[in-house]
Amino acid sequence: IALMEMALSEPYTVFTYRYFIRNWPHLCILARCNGKLVGAVIARESPVARTVDNIGYIAMLAVDKSQRRKGIGQRLVERVIEVMLLRCHAVELEAEHVNLGAIRLYERLGFVRTHRMCRYYLNGSDAFKLKKIFRPLKLTEDEDEPAEPEPVVDAAAAVEPSPVSA
């Protein structure tokens, strides 16, 4: 938790970390160097409606300041993506708009900015939503084929004309 508190601009409670670790332990990955914790990525996956796929979400990425620019953050993101590839069609995240190092890292890994969110963070700072798509969504079986269209009935043609008497 100390690493996250030093590296992230948002404060999180211990309950937030427990929530992620309890529900998605396979997406909470730590990096150690000589036994010391130097980095962590915390993520989750959620189902996508009417599909058999999930979407991944990277909630937090932190690397000890003394260990930055050594590829640790990149390796953590690559590792969590490897795990997500099994069940997710894409992954998304937010990055503070002034965190150019993080934005460059994600863009190098194939993420694209989808939009800017004004005053997203508690400090009033904007964020970019970034997304990386792995493959097209797989629809559930009942949605593979489009439903048959309902027949269109022309009300005027459906009414039988009545004979006109003169």
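The values are calculated or read from the model by the stated rules, or taken from the named source; none is laboratory data. In this text, all values refer to a predicted model and were calculated from it rather than measured experimentally. Cβ atoms come from the backbone with ideal geometry, glycine included; neighbour counts cover every protein chain shown. Surface areas here come from the heavy atoms of the whole protein model, side chains and all, with no ligands, DNA or RNA. Shrake-Rupley method; radii C 1.70, N 1.55, O 1.52, S 1.80 Å.
In the set (1) under 16 Å from the mean Cα position of the chain (by Cα); (2) without any contact (Cβ under 8 Å) to a residue 60 or more places away in the chain, V48 fails one condition alone, (2). Scanning for something surrounded by 20 or more Cβ atoms within 10 Å (Cβ to Cβ), farther than 21 Å from R87 by Cβ and free of Cβ contacts under 8 Å to residues at least 60 places away in the same chain, does segment 52-61 turn up at least one residue? Looking for residues that are surrounded by 20 or more Cβ atoms within 10 Å (Cβ to Cβ), farther than 21 Å from R87 by Cβ and free of Cβ contacts under 8 Å to residues at least 60 places away in the same chain, one finds none in segment 52-61, hence no.
Look at segment 89-105: where a residue is touching a residue at least 24 places away in the same chain (Cβ under 8 Å) and a partner is among the basic types (K, R), sitting 6+ places away or on another chain with Cβ atoms under 7 Å, you get H89/R135; A90/K131; A90/K132; V91/K132; E92/K129; E92/K131; E94/K129; H97/R116.
Summed over segment 77-87, the residues that are buried (at least 21 other Cβ atoms within 10 Å of the Cβ) and modelled with pLDDT under 95 give a count of 0.
Residue-wise test of (1) open to solvent by 30 Å² or more (accessible area, probe 1.4 Å); (2) closer than 26 Å to C28 by Cα; (3) in contact with a His (Cβ under 7 Å, 6 or more places away or on another chain); (4) modelled with pLDDT of 95 or more.
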{"position": "A95", "(1), (2), (3), (4)": "no, yes, no, yes"}
{"position": "G110", "(1), (2), (3), (4)": "yes, yes, no, yes"}
{"position": "R119", "(1), (2), (3), (4)": "yes, no, no, yes"}
{"position": "G124", "(1), (2), (3), (4)": "yes, no, no, no"}
{"position": "K132", "(1), (2), (3), (4)": "yes, yes, no, yes"}
{"position": "E143", "(1), (2), (3), (4)": "yes, no, no, no"}
{"position": "V153", "(1), (2), (3), (4)": "yes, no, no, no"}
